[in-house]
Each structure stands twice: as structure tokens, then as C-alpha cells.
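Working notes, structure below.
Any read-out appearing in this document is the output of simple, stated calculations on the displayed coordinates, not a laboratory observation. Values in this document were obtained by computation on a predicted structure and should not be read as measured data. Cβ sites come from the backbone with ideal geometry, for glycine too, and all protein chains shown count toward neighbours.
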Amino acid sequence: MKLEFQQLHADDIQSVSLLVNRAFTESVAPTLTNEGIINFASGVTPESIKERLLSGNTFVICKINNTIVGIGEVRNKNHLNLLFVEPGMQRKGIGRKLLMNLSDGVESNEITVNSSLNAVNTYKKLGFKESGTKDEINGIKYQPMIYIKKHNKSFKMDA
């Protein structure tokens, strides 16, 4: 399985939106209220993704045989906004490798994320630590987390 990583291009936005919605519906949506599901969905429409891409957010996609199987997004230069992998391709290291690719462009020593509650253990395996108490905004429940980059070290490879 040859993984290809590249910046998001406008031609791929529709596919990315569909992938995020599939992964979200399967793993995150069951943990949220209807309000949270509606609010999340409004942020991953093709129009919303395009707007964030044009505003300077960093997007990296992962492809296998020219099919997008993962997406990561960083906003505000060090906040992980999206990290989703095609449901059938999870637990194969794609998310970790997306993080590695995204972290290369982060100049700060810290990367933050508001983890969905079901992904907290995954982020912990990657080296993130809880950085606050669980919270909820507009029906979206999350755990603030932080990763401190160590000089010349990347995300844990044993995750």
C-alpha cells in the first residue's frame, strides 16, 4: 500500500468533504447531540473547506491509488482542526503520517487539538496530553489537548 501525501487542491475538495462526513458519521456523530452534528456538518461543506483553504489554512491529504483516504488541517499555524481517515483504512498509520506531514509546517513547538471524546486515547498514543477540562460548544463535545514538539523528533511511531 503506497501512501502519497500532498497539499489539498481545489479539485479534491468535494471528495474531502465526503470523506470527512463518512468518518464523522461513523465515529464522532454518535457522541454528539443533534445540535453538535448540525454545527460540525456546516464546517465541512465543500464551500467551508474551500474558504479555509483560501484563507491560508494548511491541508494535507493522503491518497492510495489516486483515491483520498485521509485529510488533516491546521489552522492558526498550530491548531489541528481536522484529522480524518476513511473508516475502512483506520488503524493503519495513515492518521499518524498525516500528523507528521502537517507538523513539518508548524513552526511553533506546540500543536493543539480539540479532540472528539472518542479520539482522546488515539491522540494520547501519538504523544498528546490533555491540556484542559472537557468542554462543549454548540453541541460539540471535546477534550483540549496539546503536543509539545521535541527537537528533531516526530510523533510516536508505535501508535
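Quick check on the exposure proxy: order HIS9, HIS79 from fewest to most C-beta atoms within 10 angstrom. By the 10 Å Cβ count, ascending, the order reads HIS9, HIS79. Hey, which of these cross-link pairs are over 18 Å Cα-Cα: LYS50/LYS97; LYS2/LYS63; LYS77/LYS149; LYS125/LYS149? Beyond 18 Å between Cα atoms: LYS50/LYS97. Dividing the helix sum by the residues of the chain, where each DSSP H run of 4 or more adds -39500 (n - 2.57), gives a mean residue ellipticity at 222 nm of -8000 deg cm²/dmol. Which FRET efficiency, nearest 0.05, do LYS125 and ILE64 yield, Cβ-Cβ r, R0 22 Å? With R0 = 22 Å, the Cβ-Cβ based efficiency is 0.45. Listed by Cβ neighbour count within 10 Å, with the fewest neighbours leading, THR58, THR25 appear as THR25, THR58. Of the trypsin sites (Lys or Arg not before Pro) in the range 1-57, the ones in a loop by DSSP (not H, G, I, E or B) with at most 10 other beta carbons within 10 Å are LYS2. Once the chain from LEU3 to SER15 is taken as fully extended at 0.36 nm per residue, the excess over their C-alpha distance is 2.6 nm. Taking each residue as 0.36 nm, the span from ARG22 to THR133 lengthens on full extension beyond its C-alpha to C-alpha distance by 37.2 nm.
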